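Have a look at the structure below, then the notes.
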Amino acid sequence: MAAFSTFLVFLFLVGTLTQVAFSSDQEKKKTFIVQVHHQTKPSIFPTHRHWYESSLSSISSTASVIHTYDTVFHGFSAKLSPSEAQKLQALSHVITLIPEQVRQLHTTRSPQFLGLTTADRAGLLHETDFGSDLVIGVFDTGIWPERQSFSGRDLGPVPAKWKGECVAGKSFPATSCNRKIIGARYFSEGYEATNGKLNETVEFRSARDSDGHGTHTASIAAGRYVSPASTLGYAKGVAAGMAPKARLAVYKVCWMGGCYGSDILAAFDAAVADGVDVVSLSVGGVVVPYHLDEIAIGAFGATSAGVFVSSSAGNGGPGGLTVTNVAPWVTTVGAGTIDRDFPASVKLGNGKIVPGISIYGGPGLTPGRMYPIVYGGSGQFGGGGGGGGNGYSSSLCLEGSLDPETVKGKIVVCDRGINARAAKGEEVRKNGGVGMILANGVFDGEGLVADCHVLPATAVGATAGEKIRGYIGNSRSPATATIVFKGTRLGVKPAPVVASFSARGPNPVSPEILKPDVIAPGLNILAAWPDHVGPSGVPSDGRRTEFNILSGTSMACPHVSGLAALLKAAHPDWSPAAIRSALMTTAYTVDNRGDPMLDESTGNVSSAFDYGSGHVHPVKAMNPGLVYDISPSDYVNFLCNSNYTTNSIHVITRKSADCKGAKRAGHAGNLNYPSFSAVFQQYGKKRMSTHFIRTVTNVGDANSVYKVTIKPPGGMVVTVKPDTLTFRKIGQKLNFLVRVQTRAVKLTPGSSSVKSGSIVWSDGKHTVTSPLVVAMQQPLD
């Protein structure tokens, strides 16, 4: 990747100057996004683009416009040298410069697991006509339009409101679109400004998908019914997205080197102007304040226009503070398991059976035969070809680290980490190995991901990995093993379980807002796949399959995107916040055994920092009873109470903010969010308290009485006033106040204690549940 860094400049004609230090290296050029006060275009310029180009020519003879922004943002982007940027910053109308972030992708039975079935004639799918008039914009790596999941057959005309277009490009004529894929655009200018021209021998300069991720996520959100569907014989059945008749608009923003903020912002700008109802964004990785975050800025503009934005929480779990895409106007989705897995056990020479999972679909190992087994980290490889003398590289089966003499004819144990899981198997295969056991490390815990390996292989958890390595190291006779593949298993219990990789709270930017919001199926999900990419993702994989099984919060996000489209179809007057509220307050936190949901990484009970409000329950979300609605002005008050400056708020909202009135709301935690999160800094205090003010809107029955049930966090006193809400009509709003009181707890400096409870409103028919999380923090001395 080129050494260029990218910056965003937000510009308008009135505002204070914020100084930003520039690199002393005058050789480097950087991309800037410039925000301008859009109402001040001089009349001599026929278009904003002409005006922007004239502005650039006053400070540079070589700079040119990369993108223009007109809908969720007003301005343009350009590549400038530090000296040119300093000239721009010196102008009175420049307000700030923001480093652009490079983001990465957060890489079928789930509709049935969620309770969405075609046989249910009174259910959410039928009531909404499967979302046929709704448009889901997918920001990803593009799409493979020929897949059956994207057929336009039997769909009605393109919705009249649609203003988008099908942009032709390499291997993607305009005829690639149909009544299913109604729009397609690609955004590479920002990526190329930093990395140079696309390598068109491996990537398509068009909306066509050369990776597979975008095809997969698009079909999860809105794939048509396809039967039979499977991957290499696994997960046989009917494949369908969440909203099978919803229309798709494809916005390709991710390339081999990542997803660049200026391109993502351009996609938001286009998608809102085109008329999408939902944006699905399985991209992330960077957590910065909202006024420095292109996704947060673009999403605010989209939400203000009534567009629901769903984004993946990230795959940084199971550690805390790993959640990304945390702005309160974005619905942040973590990942859970479903009740299906793909068992592939390891049988050791000592007779012990170790459980694992795999979706290997090629020739298996000879039944009944035991094979020699070796571990790359045991010293047998002498560090390998690329790993030095400590065997670290060979323990991970990195490229060039294995010795063919040692590997040939054997099963190799490879530790998880550094390189791709399937790439480890390719390294084993290339050196003559007959199989691979992919072993989790301690940090990975017991969480397993099934892969389409290129040789007989299975994945095992950290405990199993220790057993296998111990057997190899301590066996008096040559260690042997085999792998037994058992196909697809349904009805797995417990499920759902919070996926080990799913990113966790607390929220690193706004601890008053609990994130993630919900979890959805994200482990081993079957969905559409391109024709020219092998299911393992390894370049040498020549296998071809119409569907593939992938895992990640990338897969969980489009589940919620599709569900949001169904809810929008059922309730056209609901705002994005109301839709999210319905999903959150009806979510569940118990598994299919009736026990509290577990954490896959540890096997212990999971918490609200892992799953937010819980696992989505679409059928209940259709009729939640009450919703916590939020307007754009409420978000402005939240930003004011989060101590954002008026200039920073303008960057996000494109409007001048008056924070005087916001202070009456009390604090940032009083945003009308469907969950409650409090943080107490002890500072020697013995008693502490806080309050939350909330407003609920009746979307259930006209005459209804809701009574509250409080489950306080351990050792705390929680009161709710009033404890009864009496509604006389649909649409009526009522307020209530929650007070939390607690005593200081003994903590070491810099440590914290977190306890959870809940506040539940019920009228006997609807149950409206909100988690309440309280963190006690002991400051450093």
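The values are calculated or read from the model by the stated rules, or taken from the named source; none is laboratory data. Keep in mind the model is a prediction, meaning the values are calculated, not measured. Because the Cβ atoms are built from the backbone with ideal geometry, glycine has one as well, and the counts that use them run over all protein chains shown. In case anyone asks, the SASA skips ligands and DNA or RNA and just uses the protein heavy atoms, side chains included. Shrake-Rupley method; radii C 1.70, N 1.55, O 1.52, S 1.80 Å.
Couple of notes before you dig in:
- The listed residues are PHE187, PHE172, and the only one of them that is assigned by the TED database to the domain that holds ASP573 and touching a strand residue (DSSP E or B) at 6+ places or on another chain (Cβ under 6 Å) turns out to be PHE172.
- In the set (1) under 24 Å from THR586 (Cα atoms); (2) touching a His at 6+ places or on another chain (Cβ under 9 Å), the condition left unmet by ALA657 is number (1).
- Total residues in segment 204-218, condition outside any strand (DSSP E or B) and open to solvent by 10 Å² or more (accessible area, probe 1.4 Å): 4
- Extreme residue, modelled with the highest pLDDT, among residues of segment 125-151 that are open to solvent by less than 10 Å² (accessible area, probe 1.4 Å) and on the phi > 0 side of the Ramachandran plot: GLY142
- Of the residues making up segment 245-260, just one is assigned to a strand (DSSP E or B), among the charged types (D, E, K, R) and over 30 Å from LYS30 (Cβ atoms), namely ARG247.
- For ASP154: the one exception among (1) part of a loop (DSSP other than H, G, I, E, B); (2) at pLDDT 95 or above; (3) open to solvent by 30 Å² or more (accessible area, probe 1.4 Å): (2)
- Only listed residue being under 22 Å from ALA302 (Cβ atoms) and of a type in the set (Val, Ile, Thr), chosen from VAL616, VAL533: VAL616
- Residues being within 26 Å of the chain's Cα centre (by Cα), among the aliphatic types (A, V, I, L, M) and surrounded by 20 or more Cβ atoms within 10 Å (Cβ to Cβ) - total across segment 622-666: 7
- Scope segment 584-622; condition basic (Lys, Arg) and assigned to a helix (DSSP H, G or I); matching residues: LYS620
- Among the residues making up segment 547-572, those that are of a type in the set (A, V, I, L, M), part of a helix (DSSP H, G or I) and surrounded by 24 or more Cβ atoms within 10 Å (Cβ to Cβ) are MET555, ALA556, VAL560, LEU563, ALA564, ALA565, LEU566, LEU567.
- Every condition in (1) of a type outside the set (Ser, Thr, Tyr); (2) closer than 22 Å to MET370 by Cβ; (3) surrounded by fewer than 21 Cβ atoms within 10 Å (Cβ to Cβ) holds for PHE443 except the one numbered (2).
- Number of positions in segment 167-203 that are closer than 30 Å to GLY156 by Cβ and either open to solvent by 10 Å² or more (accessible area, probe 1.4 Å) or of a type in the set (Asp, Glu) (or both): 15
- Tally of residues being closer than 24 Å to ASN440 by Cβ, within 20 Å of the chain's Cα centre (by Cα) and outside any strand (DSSP E or B) across segment 477-520: 10
- Residue count for segment 675-706 under the criterion of being surrounded by 13 or more Cβ atoms within 10 Å (Cβ to Cβ) and in contact with an Asp or Glu (Cβ under 8 Å, 6 or more places away or on another chain): the result is 10.
- Residue match in segment 276-288 (condition: among the aliphatic types (A, V, I, L, M), surrounded by 24 or more Cβ atoms within 10 Å (Cβ to Cβ) and part of a helix (DSSP H, G or I)): no
- Within the set SER575, SER540, SER613, SER606, the sole residue that is surrounded by 24 or more Cβ atoms within 10 Å (Cβ to Cβ), out of contact with any Leu (no Cβ under 7 Å at 6 or more places or on another chain) and of a type in the set (S, T, N, Q) turns out to be SER613.
- VAL454 being open to solvent by 10 Å² or more (accessible area, probe 1.4 Å), part of a loop (DSSP other than H, G, I, E, B) and closer than 23 Å to PRO363 by Cβ: yes
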